[in-house]
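Scroll down for the structure; my scribbles are underneath it.
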Amino acid sequence: FYFSYTYDLTHTLQHNLLREIGDHKAAARHEAEESSDSEDEGHRHPSSTTERQSLHQQFQGFGYQERWLKEHKPFESIFLWNHFLIRDFYRVLIKKRWVMPVIYGDISKLNFTTEDNKSCTFLLISRRSRRYAGTRYMKRGINENGYVANFVEVEQICYAHSDHFDLKPNISSFVQIRGSIPLFWMQVPDPLKPKPDIVLKQAEKDPEYMSTKRHFGMLLSKYSFPIYCFNLTKMFNAREKIVANEYNNCVNETINAELPKPMKINFIHYDVKAKKKEERNYPFGLFALAQKALDNVGFFSVTSSPHKRESRVEIQRGIIRTNCIDSLDRTNLVQELVGYLALLHQLKSLKIVDESLIQMQSQFFNLIFEMYNKMGDVISMQ
């Protein structure tokens, strides 16, 4: 469990920084409006004044709404693990910032220095959802509200410390998620079967996939689009094929049929173990699929230079969702590779192009992969 006195761990860096930028812009615009009103008072047409006041009132209302959301709903509820302990206190508080949010997951940090003596930091943060949480085999699939078992948001943050006292550090982040296959299915633990049989309950519980639609609706609302789904289940395994085929039909034949083209879910069924045997250049085929997804999803970064007063901001729009049956080993492998490719883009965005760092077999990336492996081990325990 983790908490911070100064930083909202329940939200991503992109959410937190854009909210702060929005606050500064709103304050500047509000100050400019008031200054303009005082200077122009009595020197313009009454109808223009009325129109100006109307717009000013609208802006004030919008600003109030933004402040209300920040004060009354400042945290991401699904990652607020002390919600049960604080819920009564939380209800009566006007300003929710008095509450200290606690997340469950893992946080790892790596400090490193480039060849040109630039000091940098890499952070890996994982947040497990408190919705539909439970132990392995006891919680599988999805519930009626659209929440899936083993849902984890993984964020990697990289920032370069600035040598100029008047500049904030250049910083970048990339977010990806993992979670159980969003269908109604289960496994009954059996001491005589290390790998229990998969029982699909979709037809009797939710034949129209309403819960799955809710799940992807929440992902679209939270992360925007496009959504890339890497399904790593075995294609030729009778046990896993039952739920894998149903997932494929659900997304491609039902959900995508109802979505406009830009919002259609990109469903990629990639059998890791089969591809290892089939592809002579494995994992480059997986790299190509991951790179295409990254090109469309992007990443978040804020960069500045001593010669320019304004910062350059890039936004991540969309998400990469990965799953296997357990959302553990195979999922860890693919998320490591996606994270590696994303970090290459982040390092270039931050102007950290040290050749000794960006090689996949370098000591630097071995440490990154160790951090991902540690994260996988931690979030596998519930």
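The values are calculated or read from the model by the stated rules, or taken from the named source; none is laboratory data. Computed from a prediction, not measured in an experiment: that's the story for all the values here. Positions of Cβ are generated from backbone atoms using ideal geometry, with glycine treated the same way; all protein chains shown enter the neighbour counts. Surface accessibility is based on the protein's heavy atoms, side chains included, excluding ligands, DNA and RNA. Shrake-Rupley method; radii C 1.70, N 1.55, O 1.52, S 1.80 Å.
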> Consider Met360 against the criteria (1) at pLDDT below 85; (2) in a helix (DSSP H, G or I); (3) hydrophobic (A, V, I, L, M, F, W, C): it satisfies all of them except one. Which criterion is unmet?
Replying inline: (2)
> On the given criteria, is Tyr137 surrounded by 13 or more Cβ atoms within 10 Å (Cβ to Cβ) and at positive phi?
Replying inline: yes
>> Among the numbered criteria (1) on the phi < 0 side of the Ramachandran plot; (2) part of a loop (DSSP other than H, G, I, E, B), which one does Gly146 miss?
In response: (1)
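Out of region 1-22, which residues are not in a helix (DSSP H, G or I) and not charged (D, E, K, R)?
Here is the first cut: in region 1-22, the ones not in a helix (DSSP H, G or I) are 1-12.
Phe1, Tyr2, Phe3, Ser4, Tyr5, Thr6, Tyr7, Leu9, Thr10, His11, Thr12 - these are the residues of region 1-22 that are not in a helix (DSSP H, G or I) and not charged (D, E, K, R).
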> Taking only pairs six or more apart or across chains, which ones have beta-carbon atoms under 6 Å, a first residue in region 262-282 that is farther than 24 Å from Ser224 by Cβ, and a second residue that is open to solvent by less than 90 Å² (accessible area, probe 1.4 Å) and small (Gly, Ala, Ser)?
Replying inline: Glu279/Gly285
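Could you list, in sequence order, the residues of region 361-381 that are of a type in the set (A, V, I, L, M) and either open to solvent by 70 Å² or more (accessible area, probe 1.4 Å) or farther than 15 Å from Leu344 by Cβ (or both)? Show your work before the answer.
Here is the first cut: in region 361-381, the residues of a type in the set (A, V, I, L, M) are 367-368, 371, 375, 378-379, 381.
Residues satisfying the conditions are Leu367, Met371, Met375, Val378, Ile379, Met381.
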> How many residues, within region 274-301, are modelled with pLDDT under 90 and surrounded by 13 or more Cβ atoms within 10 Å (Cβ to Cβ)?
Replying inline: 5
> Do any residues in region 71-94 that are over 21 Å from Glu20 (Cα atoms) and surrounded by 11 or more Cβ atoms within 10 Å (Cβ to Cβ) have Cβ atoms under 8 Å from those of residues that are modelled with pLDDT under 80 and among the basic types (Lys, Arg), where the two are at least six apart or on different chains, and which pairs are they?
Replying inline: Tyr90/Lys96
> For region 317-353, which residues satisfy the criterion of being touching a helix residue (DSSP H, G or I) at 6+ places or on another chain (Cβ under 8 Å), outside any helix (DSSP H, G or I), open to solvent by 20 Å² or more (accessible area, probe 1.4 Å) and not aliphatic (A, V, I, L, M)?
Replying inline: Arg317
>> Suppose we filter region 197-242 for residues that are assigned to a loop (DSSP other than H, G, I, E, B), open to solvent by 70 Å² or more (accessible area, probe 1.4 Å) and either among the β-branched types (Val, Ile, Thr) or touching a His at 6+ places or on another chain (Cβ under 8 Å) (or both); how many remain?
In response: 0
